[in-house]
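Down below is the structure, laid out as structure tokens.
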Amino acid sequence: MDETPPKVCATCKQNIEGGMILALDKVYHPDHFVCFDCKKPIKESKFQENNNEPYCDSCYSKKFLKKCKACGEPIKDKVVTAMGADWHEDHFVCGGCKTKLIGTKFMEIENAPYCQKCYTEKYADKCKACGKPIVTQAVIALDAKWHQLCFKCSKCGKPIMKDQSFRTEGGKPQCVKC
């Protein structure tokens with residue numbers, strides 16, 4: 001006569017007669033297979049595990065998943081890590097125009113990412129001569145910033161190159177020739 005030993009519920013330690021759940025190499029009464037955190041029965045067939053303990057999706061997400069810097073919610077799919085934080089892919093957007101920034105260059109201003117266009121329009125230094133944003137090297141002279149080709153002699157109008165000497169007359173640059 002072959003007798004199998006009775007199955008013992010991992011939660012209540014009582015014999016199981018009838019239906020049971022087999023999970024994490026243990027057996028449970030159906031109502032005793034509960035989330036380790038909230039203690040509610042796990043009814044769906046999908047659950048999460050950490051340190052060999054079962055968790056419902058909700059508790060697992062709150063406790064173990066990275067949180068999005070923009071919305072504070074757990075990130076269940078692709079995690080974007082930028083600026084020392086984690087983001088949902090759809091929430092890593094420009095602080096100005098709200099364009100997605102995945103795979104693009106961006107600038108960080110006051111803990112927010114900005115696409116190059118918005119950064120240039122809102123935050124880049126402006127040329128003293130033309131007033132447009134400076135996105136390449138600037139000439140710094142006379143307590144101002146200039147585009148290289150905008151830093152011109154006030155008499156002849158030719159650009160004063162970075163290796164050229166100049167003087168000022170009335171607060172305006174003049175090349176040495178003039």
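Numbers for the structure displayed
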{"quantity": "Subset tally (residues that are in a strand (DSSP E or B), surrounded by 16 or more Cβ atoms within 10 Å (Cβ to Cβ) and touching a residue at least 24 places away in the same chain (Cβ under 8 Å)) for the range 143-178", "calculated": "2"}
{"quantity": "Which listed residue is outside the structural domain of Asp31 (by TED's automatic domain parsing) and among the acidic types (Asp, Glu), from Asp57, Asp90", "calculated": "Asp90"}
{"quantity": "Selection status of Val80, of a type outside the set (Asp, Glu), surrounded by 14 or more Cβ atoms within 10 Å (Cβ to Cβ) and closer than 30 Å to Asn111 by Cβ", "calculated": "yes"}
{"quantity": "Selection status of Gly96, at positive phi and either in the same structural domain as Glu49 (by TED's automatic domain parsing) or part of a loop (DSSP other than H, G, I, E, B) (or both)", "calculated": "no"}
{"quantity": "Of all residues in the range 18-71 being small (Gly, Ala, Ser) and within 18 Å of Val8 (Cα to Cα), the one that is modelled with the highest pLDDT", "calculated": "Ala23"}
{"quantity": "Test: residue in the range 46-67 that is farther than 30 Å from Lys26 by Cβ and either under 27 Å from the mean Cα position of the chain (by Cα) or of a type in the set (S, T, N, Q) (or both)", "calculated": "yes"}
{"quantity": "Those residues of the range 99-111 which are hydrophobic (A, V, I, L, M, F, W, C), assigned to a loop (DSSP other than H, G, I, E, B) and touching a Cys at 6+ places or on another chain (Cβ under 8 Å), in sequence order", "calculated": "Leu101"}
{"quantity": "Test set (1) without any contact (Cβ under 8 Å) to a residue 12 or more places away in the chain; (2) outside any strand (DSSP E or B) - Thr81 fails condition number", "calculated": "(2)"}
{"quantity": "Residue that is modelled with the highest pLDDT [pool: residues in the range 101-141 that are loosely packed, with under 13 Cβ neighbours inside 10 Å, of a type in the set (S, T, N, Q) and closer than 30 Å to Asp163 by Cα]", "calculated": "Gln137"}
{"quantity": "Set Cys38, Cys97, Cys59: member being surrounded by 16 or more Cβ atoms within 10 Å (Cβ to Cβ) and not aliphatic (A, V, I, L, M)", "calculated": "Cys59"}
{"quantity": "Filter result for Cys12 (loosely packed, with under 13 Cβ neighbours inside 10 Å, free of Cβ contacts under 8 Å to residues at least 24 places away in the same chain and either in contact with a Lys or Arg (Cβ under 9 Å, 6 or more places away or on another chain) or aliphatic (A, V, I, L, M) (or both))", "calculated": "no"}
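The values are calculated or read from the model by the stated rules, or taken from the named source; none is laboratory data. Source: prediction; values computed, not measured. Glycine gets a Cβ as well: all are built from the backbone with ideal geometry, and neighbour counts include every protein chain shown.
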